[in-house]
Amino acid sequence: MRLPPCGPGERLVGVAVAVPEPYRTELLEARARSGDPDAQHVHPHVTLVGPTPVPYEARASLDDHLRAVADAHGPFEVHLRGVGTFRPVTPVVFVPLARGARECTAIERALRAGPLAHDPRYDYHPHVTVAHELDEPALDAAQEAMEGYEATFLVTHLHRFVHDGRAWQQERAYPLRGGTPPAGVAYRGRPDAAVVRPT
């Protein structure tokens with residue numbers, strides 16, 4: 001994974017929907033089987049804000065910003081289904097969101113301000129990566145292996161990740177307080193709040 005450089009006094013921050021068990025392990029193992037070397041360094045997730053250098057001195061304002069966005073949005077359901085690819089633009093195979101993409105897009109727009117303000121390189125397309133920057137046969141195999149994949153879970157938090165120089169680490173969770181979870185939905189797997197303890 002190509003990461004943007006950090007200047008003095010900066011660290012790389014990302015914001016994401018964290019995928020809970022049992023899907024977390026399923027998707028992690030699928031990425032490892034593809035041969036993707038990032039499998040051991042990246043938690044399965046739906047990116048909301050990609051790697052962004054943030055000054056250490058902006059930690060308080062970053063917390064305030066993430067908390068404000070989380071307070072303005074309610075819990076929602078994500079339904080992962082099937083498989084897709086960004087080829088030939090980028091060598092990526094992913095699981096798309098059949099449900100939850102609209103909510104992720106709204107949160108992404110709200111997040112891209114203040115300490116996380118940036119001009120994205122590509123249009124936002126919420127997904128879970130299962131293979132990245134591999135050769136074509138490996139990408140073909142990963143795409144074939146994920147056909148028919150499905151997972152449904154409840155998103156209750158935004159999760160802040162930081163890069164420690166080797167891998168992405170979950171650092172903090174921000175409860176989505178702007179509404180109530182969808183009613184009458186049966187979920188297999190725990191809500192994403194179970195992934196880390198919110199602070």
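Read-outs: derived from the displayed coordinates by stated rules, not from any lab. Source: prediction; values computed, not measured. For neighbour counting, all protein chains shown are included, and Cβ atoms are generated from backbone atoms with ideal geometry for every residue, glycine included.
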Hey, what's the per residue convex hull volume over the C-alpha atoms of the stretch 1-154, in cubic angstrom?
-> 114
Projected area of the stretch 25-94, taken from the Cα convex hull and averaged over every viewing direction, in nm²?
-> 7.0
Cα pair distances of the stretch 1-55 binned at 10 Å [whole percent] | 23, 42, 27, 7
Projected label distance in nm at residue 72 and residue 144, using a 7 Å step from Cα toward the beta-carbon = 4.6
Using packing as a proxy for protection, rank 53-61, 75-83 so that the peptide with the highest average count of other Cβ atoms within 10 Å comes first.
-> 75-83, 53-61
Could the peptides 119-130, 7-18 be put in order, highest first, of the mean number of other beta-carbon atoms found within 10 Å of their residues?
-> 7-18, 119-130
Mind giving me the nanometre distance, one decimal, between the label points for residue 164 and residue 64, set 7 Å out from Cα along Cα→Cβ?
-> 3.0
Amide H partners (placed H, <5 Å) of residue 10, local residues excluded | 56
Non-local residues with an amide H under 5 Å from the amide H of residue 98, with H modelled 1.01 Å from N and Pro and chain starts lacking one, are 79, 80, 81
Multiply the residue separation of residue 109 and residue 123 by 0.36 nm, subtract the distance between their alpha-carbon atoms, and state the gained length in nm to one decimal.
-> 3.9 nm
